[in-house]
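Participant: Take this structure first; my questions come after.
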Amino acid sequence: MSYYVRIGSLNGFTELVESLGADPWELLSQACILPRQLSDPDLMIPYKQVAELLEITAARLQLPYFGALLGQRQGLSTLGLIGAYMVQKPTLLQALECSAKYAQRHAQGANLTLGAPTADQCELSVNLQVNHHLQYPQVLLLSMSLIVSVFKDMLGDTWQPHYIGLKQHLPLTVKTNLEQTLKCHIQCGCRKDSMVFDAGILSQPPQPPANLLAEIIDNQFKGLRLDQPVDYVVLTRHAINMLLPTGDCSKENIAKSLDLHPKKLERLLSEQFTCYRDLLEQVRKDIAQQVLATQRPDLTNLALNLGYSEFSAFSRSFKSWFGISPTHYLQTINKNHKT
C-alpha cells in the first residue's frame, strides 16, 4: 500500500543541510522531489520519497542521526493549522488525543497510541507503516524528534521525557549522539517505538508558543505576514479544508485554530464581504467537484469527508451547486469516459 505525507514534514531541511555544508537541492533531486513542491506545505507526496531523502542525506553527511537533528528544528508550526488547533485544547491530554486523531492528515500510516505502562507514567507509541520493516530509521528519528519538539512547544523548553524507546538496535556511538541531540535517554531493542513521560503533565494546559500563528502563516502562505493586512478568507478556507474530514469542522474550531473569537472571525470575514457559512459551502463544492473529476469515490464516504452527517444533506447541497444529484453527476462522468 502507498502512503503519503505532507511535504511540510521537511520544514527546515534545506537550511539544515546547507548549514552542514551540503547541497540540499541535489539531494532533493536524487529523491525525485522538485524544489517548487516545497512551496506548498500541505502538498501530499509519497512517504517513501521523504524516507529515502532522509536516508540519502544521512549517508551523504555521515550523520546517522540526521532525522533527529531535523526534528529539533520543527514543532507545532510544522503541523500547520492543526498544530494551532491542538494547542488551544484545555489540557495536554486533549491536545494529544487531537494529534492522534489528525495524524493521518500529516502523515498517512502514522498511528499514535497513548497508553500507561505504570501508574505515574504514560507512553506515546508511534507506529509508522512506511517503516514497517525498519528500513527507514531516519524517518522514525524525525518523527520521534518532532514529537519531543511539539511537547516542548506546549510545555516549555526545559521539559524532558523519561526516555525514548526504539525497536531498532543502534551502534553505541549513534545512540550516544542521539541522546546528546535529544537530551534524553534512549533505550534500544524495545517492543515498540515510543516516548515515556510523567503522567502528571496530562492535566496541564498546553501553552501556545509566542508567534505560533505568525510562523504558520510564514511557512504556509508565502507573502502573507501578520505585520501586513491578513487575508482571513484565505486562512479560513485553508482551515476548513484541513478540518473538514475530521468531523470537527465548526466555526468555533476554525476560529480557535486562528486564535480568534468566533464573533471576531465573522467580523473580519464580513469586512471581506463573506462569512464562514459561505466559505464552508465554497470549499465543500470545490472539493466535491475536484474529487468527482479525478476519482470514482464512494459517494457516502465523500459526504462524510465533507462534514455531512448524512448523505441526503450532501445530496441536497450538491443539487443546489450543480443542478443535478451527485449520483446523476457521477453516472454522467462515467458515461462520458466510456464513450
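Participant: I need to check one value: relative contact order of the chain, counting alpha carbon pairs closer than 8 Å and at least 6 residues apart, in percent. Each step should come with its number before you reach the end.
Facilitator: On the way: 487 pairs, mean separation 53.9, N = 339.
Once normalised by length, the contact order is 16 percent.
Participant: With all pairs of different alpha carbon atoms counted, what Kirkwood hydrodynamic radius in Å does the chain show?
Facilitator: 21.6 Å
Participant: Output the relative contact order of region 164-205, whole-number percent, from Cα pairs under 8 angstrom with separation of 6+ residues.
Facilitator: It comes to 54 percent, rounded to a whole number.
Participant: So, one more: Just to be sure I understand: with springs between alpha-carbon atoms less than 10 Å apart, which residue in LEU92, LEU182, LEU134 has the highest mean-square fluctuation in the Gaussian network model of the chain?
Facilitator: Of the options given, LEU134 has the highest mean-square fluctuation.
Participant: Under the rule of at least 5 residues apart or a separate chain, name every residue whose amide H is placed under 5 Å from the amide H of GLN121.
Facilitator: ALA199
Participant: Continuing with the same structure: Hey, which of these cross-link pairs are over 25 Å Cα-Cα: LYS101/LYS263; LYS101/LYS192; LYS101/LYS152?
Facilitator: Over 25 Å Cα-Cα: LYS101/LYS263.
Participant: If you plug each phi of region 322-334 into the Karplus form 6.51 cos²θ - 1.76 cosθ + 1.60 with θ = phi - 60°, what whole-Hz ³J(HN,Hα) values come out, in order, with x for Gly and Pro?
Facilitator: In residue order, the calculated couplings are 10, x, 9, 6, x, 5, 5, 4, 5, 4, 5, 4, 4 Hz.
Participant: In whole Å, what is the distance between the alpha-carbon centres of region 274-339 and region 128-179?
Facilitator: Distance between centres, Cα-based: 41 Å.
Participant: Given H placed 1.01 Å from N in the peptide plane, which residues other than close sequence neighbours of GLY165 have an amide H under 5 Å from its amide H?
Facilitator: GLN187, SER194, MET195, VAL196
Taken together, the values in this text are just the output of simple stated rules run on the coordinates, not laboratory data. Remember, predicted model here, so these are calculated numbers, not experimental data.
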